[in-house]
Amino acid sequence: MTRSGQAAASLTSAQAALLGLDQSGLVAIGKALLRPEVARAFERLAAAARVAGFELAIASAFRDFNRQLLIWNRKACGELVVRDDQDCAVPMQTLSVEEQLTCILRFSALPGASRHHWGTDLDVYDAAAMPEGYTLQLTPSEAAPDGLFGALHAWLDERIRTGTSFGFYRPYDEDRGGVAVERWHLSYAPLAVGCEEELTATLLRRAWDECAPGDDLALREALEVDLDQILERFVGRVATAPAAARDYHDQEPGP
Ligand SMILES: [Zn+2]
């Protein structure tokens, strides 16, 4: 049995799903996994985008705990480059562990605390605007008004502003001193708002103890110095979902 399986056995299925340890309730759109309600809303948003001339595509949706753990550990040990706000490589070895934590958390979530665990959040781009052979970056310059996907994001802004985004909004719309601005990241408010409320330090520690015990989670000791503050800054500081997105009601398709 995998570690994820063991954790899922001792946590409720809702808790395991929140922590990226259970993907059994998700459905696929291509390679992307989402909660069924989110997938239906995304199909509606994509259909509206098509009418406007865009090909709304998913770069990344559900990501599990172990995948996030791998990203985290590789960044902590220097195997993956950590970049700063100016897109420059951070000289991690010269920083204190507290500074290392802050640099990683600016662009990467803690294992167990990623919104990508929930099946409600996804990163999008306009496949129709991609030049042949272009490698998707998901960078601020791509999403900027004069960037490759600027027109798609202006269209999404307008849908969100007018309450016609089928429940989607941008949690990382501006810099609140936590996670950097990520205009490509959309969240399905009717379900994500509940996930935000359920995620606690206690629950996160249980996931780490069971699925990444001891040294399996890099920088664990430094994280424990003030985990509540870290969660407030890098999980809690997000946009409040607009009422129209939060109150969106999914209409079950008929049989
Ligand atoms: Zn994202």
Two-decimal ratio, segment 1-141, of alpha-carbon radius of gyration to 2.2 N^0.38 Å: 1.21
Fluctuation leader among Gln15, Gln23, Gln86 - the chain, Gaussian network, Cα springs under 10 angstrom: Gln86
Order of Val90, Val193 under a 10 Å beta carbon neighbour criterion, fewest first: Val193, Val90
Residue among Gln251, Leu191, Gly214 farthest towards the positive dipole end of segment 174-255, charges placed on Cβ: Gln251
Rg over Rh, two decimals, segment 87-238 (C-alpha only, Kirkwood Rh): 1.00
Packing-based exposure ordering (other Cβ within 10 Å, fewest first) of Trp155, Trp184: Trp155, Trp184
Most to least packed among 139-148, 118-127 [average Cβ atoms within 10 Å]: 118-127, 139-148
Loop-resident sites, segment 1-92, for GluC sites (Glu not before Pro), counting at most 16 other Cβ within 10 Å (DSSP): Glu55, Glu79
Dipole of segment 13-74, positive end: most advanced residue of Gly53, Ala16, Ala41 [Cβ charges, Cα centre]: Gly53
Only Lys, Arg (+1) and Asp, Glu (-1) charged, at Cβ; segment 3-246 dipole about Cα centre in debye: 680 debye
From the C-alpha gyration tensor of the chain, square roots of 5λ in Å: 29, 23, 16
Burial ordering of Ser114, Ser187, fewest other beta-carbon atoms within 10 Å first: Ser114, Ser187
Contact order normalised by residue count of the chain, Cα under 8 Å, 6+ apart, percent: 23 percent
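Values in this text are rule-based calculations from the coordinates and carry no lab data. In this text, all values refer to a predicted model and were calculated from it rather than measured experimentally. Methodologically, a virtual Cβ is constructed for each residue, glycine included, from the backbone with ideal geometry; neighbour enumeration extends over all protein chains shown.
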